[in-house]
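Shown next, in structure tokens, is the structure this report addresses.
The values are calculated or read from the model by the stated rules, or taken from the named source; none is laboratory data. Given the structure is predicted, the values throughout are model-derived calculations rather than measurements. Cβ sites come from the backbone with ideal geometry, for glycine too, and all protein chains shown count toward neighbours.
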Amino acid sequence: MTELAYRDPEPKILHGAKGDWEIVIGMEVHAQVRSNAKLFSGASTGFGAEPNTHVSLIDAAMPGMLPVINEFCVEQAVRTGLGLKAQINLFSQFDRKNYFYPDLPQGYQISQLYHPIVGEGEVLVDMEPGVARRVRIERIHLEQDAGKSIHDMDPENSYVDLNRTGVALMEIVSRPDIRGPEEAAEYVRKLRQILRYLGTCDGNMQEGSLRADVNVSVCQPGAYEKYRESGDFSHLGTRCEIKNMNSMRFIQQAIDYEARRQIAIIEDGGSVDQETRLYDPNKGETRSMRSKEEAHDYRYFPDPDLLPLTFEQAWVDGIAATLPELPDEKKARFVLDFGVTEYDAGVLTADTVNAAFFEEVAQGRDGKQAANWVINELFGRLNKEGMAVSASPVSAAQLGAIIDLIAAGDISGKIAKDLFEIVWAEGGDPRAIVEDRGMKQVTDTGAIEAAVVDVIAANPDKAEQAKAKPSMAGWFVGQVMKATGGKANPQAVNALVREKLGIE
Amino acid sequence: MTELTALTIAEARKGLRAKQFTARELAEAFNAAAAASAPLNAYSALTPEKALEMADAADARLAAGDAPDMCGIPLGIKDLFCTEGVPSQAASGILENFLPTYESTITSKLWEQGAVMLGKLNMDEFAMGSSNETSVYGPAVSPWRRAGSNTALTPGGSSGGSAAAVSASICMAATGTDTGGSIRQPAAFTGIVGLKPTYGRCSRWGVVAFASSLDQAGPMTRTVRDAAIMLGAMAGHDPKDSTSADIAVPDFEAALTGDIRGKRIGIPREYRVEGMSEEIDRLWREGAEKLRDAGAEIVDISLPHTKYALPAYYIIAPAEASSNLARYDGVRYGHRAKLGHGDGILDLYEKSRAEGFGREVQRRVMIGAYVLSSGFYDAYYLKAQKVRTLIKRDFDAAFDAGIDAILTPATPSAAFGIGEMADADPVQMYLNDVFTVTVNLAGLPGISVPAGLNADGLPLGLQLIGRPWGEAELITVAGALEAAENFTAKPERWW
């Protein structure tokens with residue numbers, strides 16, 4: 001596997017009233033496992049159904065009901081762990097996290113506190129070409145999602161929708177290695193990209209498939225390095241956890257607000273209280289949800305209804321063998337094999353559909369030219385129209401044919417853009433279109449020469465002037481192109497004009 | 001011919017096939033006996049029409065020659081089992097009016113075999129208790145009385161209704177569940193056979209959970225043979241219960257060879273607890289002698305961690321219960337408290353649970369929440385789990401050393417009077433489980449066999465403990481003990 005070389009980005013510096021501060025961020029991302037059925041019941045995970053229609057006896061916690069593990073969800077978690085280059089724990093176990101809430105019918109959430117399914121891994125967060133943050137993953141555990149409490153339907157009562165109750169989540173816990181609001185957003189974006197590559201989470205933040213709890217603290221420059229050397233958290237500031245963020249933009253805003261809030265407290269001689277906070281996007285501020293003193297005592301203990309998960313290494317290896325090429329590797333390969341820039345490779349590998357489209361276009365062709373056409377012409381156009389690559393009216397084969405026509409000298413770059421428009425609007429085989437509509441550029445020097453001679457003969461004054469002022473040649477080239485209906489090879493026209501005018 | 005209600009499963013099986021009587025006649029006889037048993041308070045719900053319907057179906061199968069062993073056998077079902085459309089309350093106020101839309105795996109299996117349901121049986125609330133006195137239905141009463149006394153006695157608990165019903169012949173056999181002795185102790189108190197299988201032998205799906213890692217359902221019957229027959233129908237792997245074992249179910253009845261020559265029976269010295277009555281001690285000694293007379297070898301063994309079992313049990317069981325009972329919150333089913341103006345969700349929880357749960361259940365929920373709380377988890381729950389491992393290791397060592405079964409008393413005393421323990425420290429009541437909880441902690445099969453009467457004429461039982469998945473061998477030894485004890489006493493009908 002090839003890897004590109006990266007250096008660390010600089011941490012974000014905030015200027016307080018009394019000095020500079022750095023931000024330290026750790027994230028807990030809850031990613032909904034892509035699976036048709038819930039983690040411990042056969043009920044559907046479909047989004048947007050009528051309330052309380054995807055609820056089994058188990059989800060509703062009827063008396064005597066027992067959870068049975070959905071093995072596909074387990075496989076998805078292992079796949080995710082492998083995708084994050086993480087340790088897969090051959091022994092893991094489910095624990096009960098006990099608390100009362102109406103959208104938690106069992107009175108406990110089945111989670112994994114003591115023995116998570118996945119251990120340490122990493123995510124490479126690209127910031128700009130050559131610069132990326134290596135964020136360490138502490139663990140991933142499987143757990144049940146809760147239902148939804150609805151408080152605004154009735155002035156007296158609250159309502160509960162249990163459709164989401166019991167849906168499988170992966171909680172992906174990072175180390176506090178993220179050093180700024182932009183990095184935090186990029187971390188989530190990269191994680192989502194990897195999960196989508198793996199097919200283990202659809203990453204749909206609007207539907208709540210990906211949500212993040214963000215732990216934020218501030219420290220003075222130098223303190224973080226001391227923490228990294230010693231592993232001693234006391235070098236870092238007291239952290240606050242901002243719960244349930246489901247937008248990259250809000251994550252950035254919330255971190256920025258929260259860091260400044262903490263700095264202001266410390267610079268005023270106060271101290272930050274460890275607490276859970278919520279971000280209010282309307283006001284652009286975080287507010288306290290509950291303090292450490294009010295924190296629940298979850299009374300975790302191993303769930304006696306479930307056996308521990310134990311895997312054979314060979315089973316894990318089998319899943320590893322089916323892993324797709326992941327974004328970092330694909331990007332490196334595009335740079336090294338196709339010669340595209342790291343920036344372009346990043347755009348092309350944003351998702352697998354884009355990447356596959358590009359690869360089909362680039363296969364056997366000039367990589368840079370293919371990248372140029374795919375990104376600037378096709379993606380540009382699709383973006384403008386608000387269309388997905390999967391819905392592109394121009395297929396990879398068609399785009400490849402256009403590029404081939406340019407490479408063969410059959411059409412000029414300018415004609416190629418016209419051809420692209422025709423294919424976009426009407427479809428069809430680009431080669432046939434060029435033939436049928438006489439778009440093929442004239443490379444027959446005899447025909448071009450005749451046209452050049454005609455144009456010079458018709459404009460003797462200008463020809464005379466051009467001999468003294470070679471930049472006039474451009475005018476003749478334009479006239480010849482016009483005379484040939486734009487089909488003449490511009491290089492050949494240029495050369496012949498100069499030759500006939502006697503310009504060096 | 002004997003009265004139909006006095007028959008054993010084995011006898012009824014034979015009589016049904018010999019067409020001496022029909023399943024419907026059996027059901028009618030038991031319906032009548034059950035209907036006339038109100039003073040025992042053994043049934044929490046009767047289903048006479050269902051019984052007749054099921055009996056008719058059983059008769060059709062018998063006529064077609066397609067009848068499994070349990071076909072036509074009238075059973076009582078402990079209220080802890082969820083039965084479709086039939087009240088299933090775990091004897092708790094919190095589940096008032098709860099009618100399951102589903103049938104527990106075990107009862108499903110029994111009905112598939114053609115067994116007949118007479119009704120639901122009283123028990124301690126959520127199976128927490130040793131005397132059936134914590135039931136929301138009021139205590140079940142033992143059909144047994146001390147000689148010359150009218151004092152109402154407990155049938156034991158938590159499967160008190162099951163024990164009372166089987167010994168009073170108001171059902172032919174019953175299901176029970178056993179978390180710390182809830183099948184074996186009441187069986188001993190009422191002179192019947194109670195078998196707790198190996199943990200994982202019978203599915204827990206659809207059985208209201210008390211302590212998930214300890215709960216196990218089993219048969220309560222008149223004879224060891226009946227227990228073997230009924231266990232065969234109840235046992236087996238259930239994909240809906242992750243802790244149910246995918247292990248073949250042997251022919252338990254075939255294990256009743258009567259031959260225990262050469263079997264090594266362990267007598268654990270740690271079970272000779274302080275203050276054990278002379279009559280229990282004698283019963284135990286005589287039981288061992290009878291097994292020796294039948295050809296077994298009696299071996300003195302040590303299970304050194306026994307004394308830690310009861311405290312460990314009373315940490316683990318309440319811990320699991322505190323979590324298992326969290327779902328009874330008044331939101332979706334069961335009892336919901338009337339709320340006052342301005343009451344919120346916490347009031348709903350607190351009032352519903354305070355009204356719906358009885359005192360013993362509340363005590364255990366609180367103990368459980370306490371031992372799991374942060375700062376105490378390591379000192380209590382984790383420590384108790386370590387003790388549990390040591391207790392299991394004690395048994396493993398004994399069986400590895402060639403012991404085939406272990407003989408102990410089933411209970412430290414005979415049945416006591418209802419209300420007699422009302423003012424006692426709850427720990428006094430917990431001591432009833434002293435001989436039985438080790439078996440649950442180690443996940444082993446255990447069986448209580450009637451072994452005699454005390455000076456007051458009350459039944460006493462002996463317990464045999466077997467290897468994991470060794471129910472068949474356990475039944476062999478229990479059958480021999482039963483034959484040697486030849487316990488034939490029956491309670492005199494007073495109700």
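When each of A:Gly318, A:Gly270 is tested for being surrounded by fewer than 18 Cβ atoms within 10 Å (Cβ to Cβ), assigned to a loop (DSSP other than H, G, I, E, B) and more than 14 Å from every other protein chain (Cβ to nearest Cβ), the lone residue that passes is A:Gly270. For the criterion of being more than 10 Å from every other protein chain (Cβ to nearest Cβ), modelled with pLDDT under 95 and over 28 Å from the mean Cα position of the chain (by Cα), B:Asp343 passes. The sole residue among A:Ala371, A:Ala345, A:Ala355 that is within 30 Å of A:Glu3 (Cβ to Cβ), more than 18 Å from the chain's Cα centre (by Cα) and buried (at least 21 other Cβ atoms within 10 Å of the Cβ) is A:Ala371. Applying the condition of being surrounded by fewer than 21 Cβ atoms within 10 Å (Cβ to Cβ) and in contact with a helix residue (DSSP H, G or I) (Cβ under 8 Å, 6 or more places away or on another chain) to region B:272-300 and asking which residue is modelled with the lowest pLDDT yields B:Arg272.
Can you pull out the residues in region B:431-445 that are over 16 Å from B:Ser130 (Cβ atoms) and touching a residue at least 60 places away in the same chain (Cβ under 8 Å)? Spell out the reasoning first.
Here is the first cut: in region B:431-445, the residues over 16 Å from B:Ser130 (Cβ atoms) are B:441-445.
Listed by number, the residues that qualify are B:Leu441, B:Gly443, B:Leu444, B:Pro445.
Counting the residues of region B:96-116 that are at negative phi and surrounded by 24 or more Cβ atoms within 10 Å (Cβ to Cβ) gives 7.
Within region B:379-389, being touching a residue at least 60 places away in the same chain (Cβ under 8 Å) and within 25 Å of the chain's Cα centre (by Cα) holds for B:Ala384, B:Gln385, B:Val387, B:Arg388. A search for C-beta distances below 6 Å between a residue of region B:366-378 that is at negative phi and more than 10 Å from chain A (Cβ to nearest Cβ) and any residue that is part of a helix (DSSP H, G or I) and modelled with pLDDT of 95 or more, counting only pairs 6+ apart in sequence or on different chains, returns B:Ile367/B:Pro318. Which pairs have Cβ atoms under 7 Å, sit 6 or more apart or on different chains, and link a residue in region B:86-97 that is under 17 Å from B:Leu118 (Cα atoms) to one that is surrounded by fewer than 19 Cβ atoms within 10 Å (Cβ to Cβ)? These pairs meet every condition: B:Val86/B:Ala45; B:Pro87/B:Ala45; B:Pro87/B:Leu99; B:Gln89/B:Glu96.
Of the listed requirements (1) under 20 Å from A:Ala320 (Cα atoms); (2) touching a strand residue (DSSP E or B) at 6+ places or on another chain (Cβ under 6 Å); (3) not in a strand (DSSP E or B), A:Gln76 misses just one: (2).
Might you let me know whether region A:227-242 holds any residue that is within 14 Å of chain B (Cβ to nearest Cβ), loosely packed, with under 14 Cβ neighbours inside 10 Å and without any contact (Cβ under 8 Å) to a residue 40 or more places away in the chain? Within region A:227-242, none of the residues are within 14 Å of chain B (Cβ to nearest Cβ), loosely packed, with under 14 Cβ neighbours inside 10 Å and without any contact (Cβ under 8 Å) to a residue 40 or more places away in the chain. Is there any pair with a first residue in region A:346-372 that is of a type in the set (A, V, I, L, M, F, W, C) and a second that is assigned to a helix (DSSP H, G or I) and exposed (fewer than 15 other Cβ atoms within 10 Å of the Cβ) whose Cβ atoms are under 6 Å apart and which are 6 or more apart or on different chains, and what are they? Qualifying pairs under 6 Å: A:Val353/A:Ser390.
Give just the number: which of (1) surrounded by fewer than 18 Cβ atoms within 10 Å (Cβ to Cβ); (2) touching a strand residue (DSSP E or B) at 6+ places or on another chain (Cβ under 9 Å); (3) without any contact (Cβ under 8 Å) to a residue 12 or more places away in the chain does A:Leu278 not satisfy? (3) is the only condition that A:Leu278 fails. Going through region B:56-88 one residue at a time, which ones are over 21 Å from B:Ile170 (Cβ atoms) and among the aliphatic types (A, V, I, L, M)? The answer is B:Ala57, B:Ala60, B:Leu62, B:Ala63, B:Ala64, B:Ala67. Screening the candidates A:Arg96, A:Arg139, A:Arg192, A:Arg134 for the property of being touching a Phe, Trp or Tyr at 6+ places or on another chain (Cβ under 9 Å), at pLDDT 95 or above and surrounded by 19 or more Cβ atoms within 10 Å (Cβ to Cβ) yields one hit, A:Arg96.
Here A:Gly42 clears all of (1) within 14 Å of chain B (Cβ to nearest Cβ); (2) free of Cβ contacts under 8 Å to residues at least 40 places away in the same chain; (3) surrounded by 15 or more Cβ atoms within 10 Å (Cβ to Cβ) except the condition numbered (3).
Just one of the numbered conditions (1) free of Cβ contacts under 8 Å to residues at least 24 places away in the same chain; (2) small (Gly, Ala, Ser); (3) more than 23 Å from A:Asp410 (Cβ to Cβ) is not true of A:Gly502: (1). Evaluated against (1) touching an Asp or Glu at 6+ places or on another chain (Cβ under 7 Å); (2) under 14 Å from A:Tyr300 (Cα atoms); (3) outside any strand (DSSP E or B), A:Ala146 falls short on exactly one condition, (2). Counting only residues that are more than 12 Å from chain A (Cβ to nearest Cβ) and more than 27 Å from the chain's Cα centre (by Cα), region B:313-335 holds 0 of them.
Take the conditions under 24 Å from the mean Cα position of the chain (by Cα) and either more than 14 Å from every other protein chain (Cβ to nearest Cβ) or of a type in the set (Phe, Trp, Tyr) (or both) and apply them to B:Leu310. Does it pass? So B:Leu310 fits the description; yes.
So if I check each of B:Ala58, B:Ala63, B:Ala140, B:Ala67, which one is free of Cβ contacts under 8 Å to residues at least 12 places away in the same chain and more than 12 Å from chain A (Cβ to nearest Cβ)?
B:Ala63
Screening B:Pro318, B:Pro311 for residues that are surrounded by fewer than 18 Cβ atoms within 10 Å (Cβ to Cβ) and at pLDDT 95 or above leaves exactly one candidate, B:Pro311.
Whether any residue in region A:82-93 is aromatic (Phe, Trp, Tyr), at pLDDT 95 or above and in contact with a strand residue (DSSP E or B) (Cβ under 7 Å, 6 or more places away or on another chain) is what I want to check. Yes, because at least one residue in region A:82-93 is aromatic (Phe, Trp, Tyr), at pLDDT 95 or above and in contact with a strand residue (DSSP E or B) (Cβ under 7 Å, 6 or more places away or on another chain).
Evaluation of A:Arg333 against the conditions (1) surrounded by 13 or more Cβ atoms within 10 Å (Cβ to Cβ); (2) touching a helix residue (DSSP H, G or I) at 6+ places or on another chain (Cβ under 8 Å) shows that the sole unmet condition is (2). The combined condition, being touching a residue at least 24 places away in the same chain (Cβ under 8 Å), away from every other protein chain (no Cβ under 14 Å), closer than 30 Å to A:Thr322 by Cα and charged (D, E, K, R), is fulfilled by A:Asp202.
Within region A:292-309, the set of residues being outside any loop (DSSP other than H, G, I, E, B), more than 8 Å from chain B (Cβ to nearest Cβ) and of a type in the set (A, V, I, L, M, F, W, C) comprises A:Leu309 only.
Would you please name the residue that is farthest from the other protein chains (Cβ to nearest Cβ), looking only at residues in region B:177-232 that are among the aromatic types (Phe, Trp, Tyr) and farther than 21 Å from B:Met429 by Cβ?
Per the stated criteria, the residue is B:Tyr199.
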